[in-house]
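Undergrad: First the structure, then my questions, so here it is.
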Amino acid sequence: MDSSVTHTELAATAAPSALRIPRPATPYQGDIARYWDGEARPVNLRLGDVDGLYHHHYGIGEVDRAALGDPEDSTSEKKLIAELHRLESAQAEYLLGHLGDIGRDDTLVDAGCGRGGSMVMAHQRFGCKVEGVTLSAKQADFANGRARELRFQDHVRARVCNMLATPFETGSVAGSWNNESSMYVDLQDLFAEHSRILSVGGRYVTITGCWNPRYGQPSKWVSQINAHFECNIHSRREYLRAMADNRLVPQTVIDLTPDTLPYWELRATSSLVTGIEDAFINSYRDGSFQYLLIAADRV
Ligand SMILES: C[S@@+](CC[C@H](N)C(=O)[O-])C[C@H]1O[C@@H](n2cnc3c(N)ncnc32)[C@H](O)[C@@H]1O
Ligand SMILES: CC(C)=CCC/C(C)=C/COP(=O)(O)OP(=O)(O)O
Ligand SMILES: [Mg+2]
């Protein structure tokens with residue numbers, strides 16, 4: 001990304017989203033739309049400024065200590081931001097790697113697309129069309145602005161739309177995903193809509209935080225995360241039950257909890273902390289909260 005163009009300038013150039021729904025379906029969705037319309041955390045914008053891929057999800061993988069250099073060095077903050085961003089982009093690549101064989105003529109759907117970083121990565125990886133939906137007009141405008149910047153606008157499009165009621169034709173989608181966005185909706189409703197738009201044999205993937213039924217009930221840390229993001233974290237059991245009820249049969253379930261802890265431990269040392277780091281670290285460590293990838297086939 002041209003380093004002279006930062007997110008602020010870019011957002012100013014984004015044309016109004018041409019695709020808006022009249023209003024959210026529930027008062028809660030109106031609150032979530034306002035949350036994301038108002039979100040401008042440095043931890044998200046400074047990381048996205050590294051290369052123009054703006055994420056609202058967390059990282060996985062080992063920290064590259066060599067890339068961090070000397071903590072006393074004047075460039076250490078910049079290197080730390082780049083490393084956190086690398087881990088967040090690695091998470092998106094990992095999700096995309098579980099979509100299976102996607103061709104250039106296929107369509108993918110990013111359900112809860114944020115500022116569109118994963119959509120750009122999906123188009124770069126598969127050459128296909130990528131449709132994104134978000135409740136936030138600001139996020140849709142930003143994502144479409146980035147797509148124009150990259151001249152991807154013919155293949156990457158975000159719209160303001162409820163992921164539970166999308167305009168996509170039944171059976172028209174080869175792959176779809178929720179990247180840290182399933183905790184804002186009812187899972188039966190969510191998987192019914194993914195099952196509708198996916199072709200038979202299509203692939204659904206989610207990376208999500210979920211509370212661990214072995215712990216018993218949501219821990220206080222999980223409650224803190226819910227309050228911080230105004231979301232409603234589901235249990236691992238609910239995911240698998242709602243998928244099975246909607247013709248989505250898990251092909252892979254991977255516990256990424258050990259893989260995301262290094263990201264959180266590094267983030268907790270940065271100047272970009274938001275105050276939620278301890279809740280994630282403590283809940284991952286005490287086993288009450290898990291970070292999962294689930295890939296399922298539409299049968
Ligand atoms: C934590 S962000 C994740 C964004 C993106 N998946 C990423 O990985 O960067 C959650 C996203 O879910 C979207 N969202 C929440 N509820 C939604 C709904 N009912 N319909 C569409 N989008 C929704 C929000 O607008 C936001 O873009
Ligand atoms: C795993 C769970 C439960 C995630 C909840 C959804 C969420 C808000 C993700 C990160 O968004 P963000 O990147 O905007 O958050 P932050 O500001 O903390 O980086
Ligand atoms: Mg973030």
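Undergrad: In the chain, with Lys and Arg counted as +1 and Asp and Glu as -1 at Cβ, which of these residues, L87, L261, F229, has the Cα nearest the positive end of the dipole, that is, farthest along it?
TA: Positive-most Cα among the choices belongs to F229.
Undergrad: Rank these for me by crowding, D70, D255, going from fewest to most other beta carbons within 10 Å. Don't skip to the answer; put the middle values down first.
TA: Details: D70 9, D255 12.
Lowest to highest Cβ neighbour count: D70, D255.
Undergrad: Ranking Y215, Y28, Y204, Y239 by Cβ neighbours within 10 Å, fewest first, what do you get?
TA: With the fewest neighbours first, Y215, Y28, Y204, Y239 line up as Y28, Y215, Y239, Y204.
Undergrad: Please figure out what share of the DSSP beta bridges in the chain is antiparallel and state it in percent, rounded to the nearest 5.
TA: Roughly 45 percent of the beta bridges in the chain run antiparallel, per DSSP.
Undergrad: While we're here: Share of Cα-Cα pairs in the chain beyond 35 Å, in percent?
TA: Percent of Cα pairs beyond 35 Å in the chain: 13.
Read the figures in this text as sums done on the coordinates, not as results from a lab. It should be emphasised that the depicted structure is a prediction, and the values quoted were computed from it without experimental measurement. Every residue, glycine among them, receives a Cβ derived from its backbone with ideal geometry; neighbour counts consider all protein chains shown.
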